[in-house]
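Remarks on the structure that follows.
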Amino acid sequence: MAFADEWARARAIAWKDLTTELRSKAGFNSVAALAVTILLLFGFALGPDSAAVRAAAPGALWLSALFAGVLAFNRSYQVELDGGALEPLLMYPGSRRSIFVGKLMANFAFVLLLMTIVIVVSLVLFQVEVPSAWARILGVVLLGSIGLVTLGTFYAAMASRSRAREVLLPLLLFPMLVPVLLAAMQATKALIGGDLLHEAGAWISLLAAFDVIFLMATFLAFEYVIEG
Amino acid sequence: MTHTTPDLAVDARSLARRFGARWVLRGASLEVRRGEAVGLVGANGSGKSTLLRLLCTLLRPSAGTASVFGADLIRDADQVRANVGFFSPVPGVYDDLTARENARFAATMLGRTAAEADAAVDRAGLAAAADQRARGFSSGMLRRLALARLFLQSPDLLLLDEPYNNFDAAGIGLVNETIQATLSRGGAALVVVHDTASAAPVVTRWLALEDGRVTPRAGAPR
C-alpha cells in the first residue's frame, strides 16, 4: 500500500480517536482532573515554603503529566476493546504501523492539551513567574511530550493484549520513561532558574536523542506487539 | 507446506491452537473451493470461532499450516487480510460515531470513497439512522452497521461467525444475499452457525467440528 494510503489511514485513526474522545468527554475530564489533583497534592506535601515549592515545580509538572498520561494511554486502546473494534482494526489491509501513527497523533494532541492545563495550574500553584526562556521551555514540553506519548502509546498497545492492562502499563512504562523524564525535568529546572550553568542545552539534546531512538524503535516493533 | 491451487479458497492442514494448556483445535484440516459456501457446525467451545480467527490472521496457529487463495497465513498475512472479510458476533463499531462516520472510517481504512461508504450504509438498511450515533442502536442495527463494513470490503472469502444473530428476516436475507454475491463473483464462504435453517438456502456443503477436528456432514444438521 502506498505511503499516501497509509498516511490517510493514520489520519483517519487520529480523527476517530479525537472525535470519540471529544464526544464522550469523560476521558479528558477525568485525566485533567487527576493531573490537577496530583499538582495540588504536591503543593500540600511541600508545605508553605515558597522556595521549596518553586524548586519542586518542574518535577511536579512532569510527574503529574506522567500519571495522568497513563490513564489517557490506557483509554486510547480501551475505546477499541470496549466495542470489539480492535479486531476489525487489525483486519484492515495494509501496515499496522498506521494504527500506531494514528494513535500517536491523537495521544500527542491529547497530552499537549493536558500539558497546557498542567502548566497554567503549576504557574499559579507553585508561584513560578513566566521565565524569559519561555520559548525554550515550550520546546522542552514538546520534546518531553513526544517521548512520553511515544512510549505510552507503544506500551499501552502491548498491555492492551493483557487482562491486567491497567496494572501492566505503569509497570512497563515507568522504568522506560526514566531517561525522558530526567532530561525533561532537568532542562525545565535549568531554564526556569535562568540556565546559569548553561546545562539546559545538553539536557535538551539528550531529550531529542531519546525521542528519535524511541520513535524509531517503537515504530519498527509495533506490528509485533499488537499481534494476537 | 502450503498448497497454492488457485481453485482453493481455504486449504488448512492440521491446524491446531491452544490457549494456555488447553488445546481448542487439534489438527483441523479442511478445504473450501471457489464458489462454495461451507457451513460449519459444532458444540459450544468446539473451536469454530478459533478456526475462523486463525484463518483471518487474528490468531496465530500453534501448529499446522493454512493458506487463503494460496497466500500463507503467517508469511503472507497482509495478502490474506486483503482477501478475507471476517464478520464476528461482536459488531466492532464506535459508539460515539454516527453510522455514516463509522462507515466512512472503515472506507478510509479500506481505501474506498465516502460515497461508497454512504452507499454501504444505505444497502445495510440504515439510511434513516445514518446520522445517529451508534450508541443508541439496537443489536440488530449494530450488526447491520458491521455488515456495511463487509459490503465496503467486498472480499473474495467470507468468514462469517454466527452471522444471523440478532437479525430479523430482512437482515437474514441480507446476509444470504451477501454470501450469494460473493459466490457468484467466484469467491467462497465459511459460515459458522447454530441456526442452520437460516443458512440452509446458501450453504453448499456442511462440516462439523468435533474434538478439535473437522468432519464431513451429510446434509444440513438439525
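Nothing in this text is a laboratory measurement; each read-out follows from the coordinates by a stated rule. Note that the structure is a prediction, hence the values are computed from the model and not measured. Using ideal geometry, Cβ is built from the backbone for each residue, glycine included, and neighbour counts are taken over all protein chains shown.
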*If one takes the longest principal axis of the Cα atoms in chain B, at what angle in degrees, from 0 to 90 and to the nearest 10, does the Cα axis of helix B:139-153 lie?*
80 degrees
*Karplus-derived 3J(HN,Hα), 6.51/-1.76/1.60, for each residue of segment B:200-216, Hz, glycine and proline x*: 3, x, 10, 6, 9, 8, 10, 10, 10, 10, 9, 6, x, 10, 8, 10, x
*Compute the relative contact order of segment A:3-225 as a whole-number percentage, counting only Cα pairs closer than 8 Å that sit 6 or more residues apart in sequence.*
26 percent
_Under 5 Å between amide hydrogens, which residues at least 5 positions from B:ARG18 or on another chain qualify, with H placed 1.01 Å from N in the peptide plane?_
B:VAL24, B:SER62
*Could the peptides A:91-103, B:117-129 be put in order, highest first, of the mean number of other beta-carbon atoms found within 10 Å of their residues?*
A:91-103, B:117-129
*Between helix B:114-123 and chain B: long-axis angle, C-alpha atoms, 0 to 90°, nearest 10*: 80 degrees
*Over the alpha-carbon set of chain B, work out the extent along each principal axis and list the three values in angstrom, largest first.*
47, 39, 38
*Is there a simple number for the mean count of other chain Cβ atoms within 10 Å of the Cβ of residues in A:78-87, and what is it?*
4
*Amide H to amide H, which residues 5 or more places from B:ALA208 or on other chains are under 5 Å from it, using H placed in the peptide plane?*
B:VAL41, B:THR215, B:ARG217
*Inter-label distance, nm, simple model (7 Å from Cα along the C-beta direction), B:ARG205/A:ILE213*: 5.6 nm
_Rounding to the nearest 10 and keeping the result within 0 to 90°, find how far the Cα-based axis of helix B:169-184 lies from the longest principal axis of chain B._
60 degrees
*Membrane-span-like helices in chain A: DSSP H runs reaching 27 Å or more (Cα, own axis), mean Kyte hydropathy at least 1.6?*
A:26-46, A:97-125, A:200-225
*Please compute the Cα-Cα pair-distance distribution of the protein assembly as shown with 20 Å bins starting at 0, giving whole percents from short to long.*
23, 47, 23, 7, 0
*Report the GluC sites (Glu not before Pro) located in segment B:1-101 that are in a DSSP loop and have at most 13 other Cβ atoms inside 10 Å of their Cβ, or state none.*
none
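Cβ neighbours within 10 Å, averaged per peptide: list A:183-189, A:124-130 in order, most packed at the top.
Most protected by this proxy first, the peptides run A:183-189, A:124-130.
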_Other-chain or far-sequence residues with amide H under 5 Å of B:ALA188's (modelled H)_ = B:GLY35, B:LEU157, B:LEU158
*Whole-angstrom gap from segment A:83-160 to segment A:162-228, using each part's C-alpha centre*: 11 Å
*Over chain B, what is the mean sequence separation of C-alpha contacts under 8 Å (at least six apart), divided by residue count, expressed as relative contact order in percent?*
28 percent
*Whole-number Å³ per residue for the convex hull built on Cα positions in segment A:162-228*: 79 Å³
*Report Rg(Cα)/(2.2 N^0.38 Å) for segment A:91-228, keeping two decimals.*
1.16
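Can you give the average number of partner chain beta-carbon atoms within 10 Å of each beta-carbon in peptide B:86-95, as a whole number?
Numbers: counts 4, 1, 4, 1, 6, 4, 9, 4, 10, 7.
Partner Cβ neighbours, averaged per residue: 5.
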*When chain B is treated as a GNM, springs tying every alpha-carbon pair under 10 Å, which of B:ASP11, B:ASP78, B:ASP161 comes out with the largest mean-square fluctuation?*
B:ASP78
